[in-house]
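The values are calculated or read from the model by the stated rules, or taken from the named source; none is laboratory data. Predicted, not measured: the structure shown is a model, and the values here were computed from it. Note that we place each Cβ from the backbone using ideal geometry, even for glycine, and neighbour counts take in every protein chain shown. We work out accessible area using only protein heavy atoms, side chains counted, and drop any ligands, DNA or RNA first. Shrake-Rupley method; radii C 1.70, N 1.55, O 1.52, S 1.80 Å.
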Amino acid sequence: MVKTERNHQVIRPGDVRIKDFAEVSNGFTYELMKSEAERCINCKTAPCTKGCPVGVKIPQFITCLQNDDIEGAVRVIKIDNNLPSICGRVCPQEKQCEELCVRKLKLGGSVAIGALERYVGDYALTNGKVATSSTTKLNYKVAVVGSGPAGLTCAADCTMAGLDVTIYEAFHKAGGVLTYGIPEFRLPKDFIVKKEIAKLEEIGVKIVYNTVIGKTIKMEQLLERFDAVFIGTGAGLPVFMNIAGENLNGVYSANEFLTRVNLMKAYVVGSDTPVYCGKSVAVCGAGNVAMDAARTAKRLGAEHVFIVYRRGRDEMPARAEEIEHAIEEGIELRLLTNPTEILGETRVTGMKCVEMELGAPDASGRCRPVVKEGSEFILDVDQVIMSIGTRPNPLLVNEYSALEINKWGTLVVNEETQETSVDNVFAGGDAVTGAATVILAMGAGKQAGETIIARAIAKCSK
Amino acid sequence: MNKIIKKRILSENVNEYVISAPDVANNANAGQFIILRVDEDGERIPFTIADYDRAAGTITILVQTIGASTYKLSLLKEGECISDFVGPLGNPTDLSKFKHVMLVGGGIGSAVIYPQAKDRHLKGLKCDVIVGARNYDLLTYENEFRANADNLYVMTDDGSYGEKGFVTNKLEELIKAGHPIDCVFAVGPVFMMKAVCDLTRQYGVHTIVSMNSTMVDGTGMCGCCRLTVGGETKYACVDGPEFDGHKVDFMESINRGKFYRELECECYNKEQEKNGKN
């Protein structure tokens with residue numbers, strides 16, 4: 001096998017990127033796509049596919065690309081993944097498919113599977129034919145609660161199989177985290193998310209907005225009207241650090257900050273939704289959401305944006321690519337630093353921190369950070385964004401206690417079928433796993449879809 | 001899209017809207033709220049459900065024009081539609097376990113206590129009501145309260161109607177006179193709720209308030225509406241909106257309520273200029 005270097009997507013320079021909300025990269029050109037596709041040696045064992053949570057037949061779709069059959073590549077991917085333009089952008093490929101690529105270590109680096117998937121997904125959105133749902137319609141009604149990645153996937157699969165699907169969305173816009181959470185510069189809303197959702201509507205998925213299941217329509221009422229229900233309500237309440245000053249003006253949860261900007265378009269002139277833009281912003285936490293919040297704050301005009309994290313660079317949970325992009329955009333890492341108090345009378349005027357050092361490994365195997373004595377200092381910030389995770393949303397369970405939850409408050413499901421403690425009520429995504437990835441949510445939506453379709457066929461053939 | 005079935009001007013700055021929302025009306029209960037967006041660029045703003053009619057499929061809200069969004073709403077007429085309307089959100093407030101309930105409403109807060117008065121009246125339970133306003137013109141729902149309350153006490157700051165004084169003056173007078181009260185349900189501006197709670201704490205009278213925090217999603221996702229109750233962080237949207245008034249950190253809530261005021265004033269002025277009003 002010949003060593004060939006991995007092709008990279010052309011990315012816009014960091015100092016240009018922070019002046020707008022446009023995407024970091026425009027993706028592969030046709031030539032780069034071809035050159036990268038040629039690097040795939042079509043291993044018989046396909047380790048990449050084993051690394052994909054939904055099992056996309058990766059060598060097969062890349063073979064189509066090698067043969068210039070892009071439509072064919074679309075068809076291959078869509079057997080397992082309805083939203084390739086989204087997964088090509090936001091999946092942590094380096095920990096999944098690309099991690100297992102045989103080229104990874106000695107042969108020029110893993111094939112850029114994510115970038116190729118994105119190319120195929122974008123092609124499908126611009127040129128692809130509309131998928132046709134099954135011509136056999138089954139008299140089986142499915143309600144999908146929440147229009148995030150899990151719900152969209154379940155809805156698409158069920159509709160394609162001929163079931164009658166209605167999505168209920170609490171917000172005035174569909175997409176869940178794809179719309180309110182992930183910023184425009186990582187996932188364009190008009191070009192990608194809106195179009196993917198429009199395609200679902202074209203195949204017959206109905207979307208009812210402004211409807212909170214458990215409130216607007218009770219679960220009991222929903223179960224009277226539908227044969228099966230899929231719950232994909234996502235993650236819920238933000239976690240705060242429980243330090244003094246967290247309720248001062250200028251302290252946001254990442255969810256609130258990102259929702260104001262992404263969903264409510266607070267950065268667009270003419271939007272009625274306000275958002276406070278600090279001059280110097282601390283983002284506490286180091287996951288993907290923290291990177292999103294930090295990079296958004298920078299684009300809103302902050303001179304300094306700090307990622308404040310109590311462990312080291314190697315422990316940061318965000319994707320390597322997101323951390324690199326953040327650094328390119330001038331985000332300053334304050335590692336081994338822990339906030340102890342947010343200062344201010346009415347508004348944030350600073351954040352008291354201590355320095356940390358790594359001690360012996362804890363139960364998770366990661367070195368436990370311990371406070372360095374006498375290291376207290378004040379970080380000069382006027383805005384703080386807490387991005388240290390979320391707790392499950394209690395709303396639905398409070399209203400419908402028949403749903404079994406575990407000690408962390410997430411829904412308990414049968415792992416094979418995704419069925420909850422209530423017959424014909426399924427669940428998947430963050431509502432089940434706690435905060436996780438788009439692709440895992442899609443995998444769960446898909447699995448639930450398979451069970452629901454089997455039930456529908458069984459019922460309708462009686 | 002939800003249609004405005006009826007619009008009534010209650011005072012210079014306060015309008016009552018009856019809005020078509022059959023699903024919301026079907027499950028609405030006293031104490032809950034809705035969130036609406038006036039138009040496509042609109043922000044999400046919460047309003048307490050002032051009344052609901054399940055048969056007609058309507059929700060009634062009272063809106064005080066205080067900013068750009070409420071100003072835009074005030075320009076809409078009967079028959080026109082608002083872009084988005086979601087609810088009923090939050091937990092219902094159920095006061096039926098209390099025998100002697102005193103409802104205290106300040107300003108637009110009357111909209112929150114009215115469904116309680118109506119609810120109790122329908123269930124054959126007694127209730128007394130104190131409503132306060134700066135002046136007679138700003139007084140809302142007087143007739144509605146007359147029809148549902150056993151005793152109604154009207155207070156105006158300037159004495160232009162009812163008795164001159166604040167709701168707290170009347171409340172203290174009644175408590176001192178031995179008027180039976182098991183529970184006070186006080187709703188209005190945060191300053192008023194604080195004043196009521198400071199008073200009832202002295203007399204050991206259980207007091208429930210309904211917190212009108214700033215919100216974005218209203219379904220337990222963003223944390224914008226957080227407040228401190230008994231030393232713990234709570235979320236008005238999923239834990240409330242009713243809370244034990246003696247445990248709420250009102251000063252913190254007052255501060256949080258001010259956060260967007262400057263931006264809000266700027267937007268309001270721009271919106272008025274756009275419509276040629278100054």
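Per the listing B:Pro22, B:Pro88, the residue uniquely free of Cβ contacts under 8 Å to residues at least 40 places away in the same chain and either closer than 30 Å to B:Leu199 by Cβ or not acidic (Asp, Glu) (or both) is B:Pro22. Residue-level check: of (1) within 30 Å of A:Thr233 (Cα to Cα); (2) open to solvent by less than 50 Å² (accessible area, probe 1.4 Å); (3) free of Cβ contacts under 8 Å to residues at least 60 places away in the same chain; (4) more than 21 Å from the chain's Cα centre (by Cα), A:Ile323 misses just (4). Checking each residue in the range A:38-69 for being of a type in the set (Val, Ile, Thr), under 23 Å from A:Glu5 (Cα atoms) and buried (at least 17 other Cβ atoms within 10 Å of the Cβ) picks out A:Thr49, A:Ile58, A:Ile62, A:Thr63.
Of the residues A:Lys265, A:Lys173, A:Lys195, A:Lys218, which is more than 11 Å from chain B (Cβ to nearest Cβ) and open to solvent by 10 Å² or more (accessible area, probe 1.4 Å)? The conditions single out A:Lys195.
Note on the range B:40-68: residues that are within 11 Å of chain A (Cβ to nearest Cβ) and more than 17 Å from the chain's Cα centre (by Cα) total 5.
Take the conditions (1) open to solvent by less than 20 Å² (accessible area, probe 1.4 Å); (2) among the polar types (S, T, N, Q); (3) within 11 Å of another protein chain (Cβ to nearest Cβ); (4) touching a residue at least 24 places away in the same chain (Cβ under 8 Å); A:Thr273 misses just one of them, which is (4).
Could you tell me which residue of the range A:355-402 is farthest from the chain's Cα centre (by Cα), considering only residues that are aliphatic (A, V, I, L, M) and closer than 29 Å to A:Gly301 by Cβ?
Of the residues in the range A:355-402, the ones aliphatic (A, V, I, L, M) are A:356, A:358, A:360, A:363, A:370-371, A:378-379, A:381, A:384-386, A:388, A:395-397, A:402.
Now narrow it down to the ones that are closer than 29 Å to A:Gly301 by Cβ: A:378-379, A:381, A:384-386, A:388.
Values: A:Ile378: 33, A:Leu379: 30, A:Val381: 28, A:Val384: 23, A:Ile385: 19, A:Met386: 18, A:Ile388: 16 Å.
Ranking the qualifying residues of the range A:355-402, first place goes to A:Ile378.
Which residue is nearest to B:Asn15 (Cα to Cα), if the candidates are limited to the range B:77-91 and must be acidic (Asp, Glu) and more than 7 Å from chain A (Cβ to nearest Cβ)? That would be B:Glu78.
Number of residues in the range B:8-29 that are surrounded by 17 or more Cβ atoms within 10 Å (Cβ to Cβ) and under 13 Å from B:Ile61 (Cα atoms): the value is 12. The listed residues are A:Arg310, A:Arg295, A:Arg334, and the only one of them that is more than 9 Å from chain B (Cβ to nearest Cβ), farther than 30 Å from B:Asp239 by Cα and surrounded by fewer than 22 Cβ atoms within 10 Å (Cβ to Cβ) turns out to be A:Arg334. Looking across the range B:91-114, just one residue is open to solvent by 30 Å² or more (accessible area, probe 1.4 Å), of a type in the set (S, T, N, Q) and touching a residue at least 60 places away in the same chain (Cβ under 8 Å), and that is B:Asn91.
Here's the yes/no breakdown for (1) in contact (Cβ under 8 Å) with a residue 60 or more places away in the chain; (2) in a loop (DSSP other than H, G, I, E, B); (3) out of contact with any Pro (no Cβ under 7 Å at 6 or more places or on another chain):
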| residue | (1), (2), (3) |
| --- | --- |
| A:Thr4 | yes, yes, yes |
| A:Met33 | yes, no, yes |
| A:Leu65 | no, no, yes |
| A:Glu94 | yes, no, yes |
| A:Leu105 | no, yes, yes |
| A:Gly109 | yes, yes, yes |
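Could you tell me which numbered condition B:Glu173 fails, if it satisfies all but one of (1) assigned to a helix (DSSP H, G or I); (2) over 17 Å from B:Asp128 (Cβ atoms); (3) open to solvent by 10 Å² or more (accessible area, probe 1.4 Å)? The failed condition is (2). For the range B:219-233, what are the residues that are more than 7 Å from chain A (Cβ to nearest Cβ) and surrounded by 19 or more Cβ atoms within 10 Å (Cβ to Cβ)? B:Cys225, B:Leu227, B:Val229 - these are the residues of the range B:219-233 that are more than 7 Å from chain A (Cβ to nearest Cβ) and surrounded by 19 or more Cβ atoms within 10 Å (Cβ to Cβ).
Taken over the range B:115-144, the residue count meeting the criterion of being out of contact with any helix residue (DSSP H, G or I) (no Cβ under 9 Å at 6 or more places or on another chain), on the phi < 0 side of the Ramachandran plot and open to solvent by 40 Å² or more (accessible area, probe 1.4 Å) is 5.
Being open to solvent by 60 Å² or more (accessible area, probe 1.4 Å), touching a residue at least 40 places away in the same chain (Cβ under 8 Å) and either of a type in the set (A, V, I, L, M, F, W, C) or in contact with a helix residue (DSSP H, G or I) (Cβ under 9 Å, 6 or more places away or on another chain) (or both) holds for only one residue in B:Asn269, B:Asn212, and it is B:Asn212.
Among the criteria (1) under 20 Å from the mean Cα position of the chain (by Cα); (2) surrounded by fewer than 24 Cβ atoms within 10 Å (Cβ to Cβ); (3) among the polar types (S, T, N, Q), the one B:Asn275 does not fulfil is (1).
Residue-wise test of (1) surrounded by fewer than 24 Cβ atoms within 10 Å (Cβ to Cβ); (2) more than 9 Å from chain B (Cβ to nearest Cβ); (3) charged (D, E, K, R); (4) over 20 Å from A:Glu169 (Cβ atoms).
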{"residue": "A:Lys206", "(1), (2), (3), (4)": "yes, yes, yes, no"}
{"residue": "A:Val212", "(1), (2), (3), (4)": "no, no, no, no"}
{"residue": "A:Ile231", "(1), (2), (3), (4)": "no, yes, no, no"}
{"residue": "A:Gly234", "(1), (2), (3), (4)": "no, no, no, no"}
{"residue": "A:Ile243", "(1), (2), (3), (4)": "yes, yes, no, yes"}
{"residue": "A:Ser253", "(1), (2), (3), (4)": "no, no, no, yes"}
{"residue": "A:Val281", "(1), (2), (3), (4)": "no, yes, no, yes"}
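Residues considered: A:Asp382, A:Asp430. Of these, the only one that is at pLDDT 90 or above, closer than 27 Å to B:Cys222 by Cβ and in contact with a Lys or Arg (Cβ under 7 Å, 6 or more places away or on another chain) is A:Asp382.
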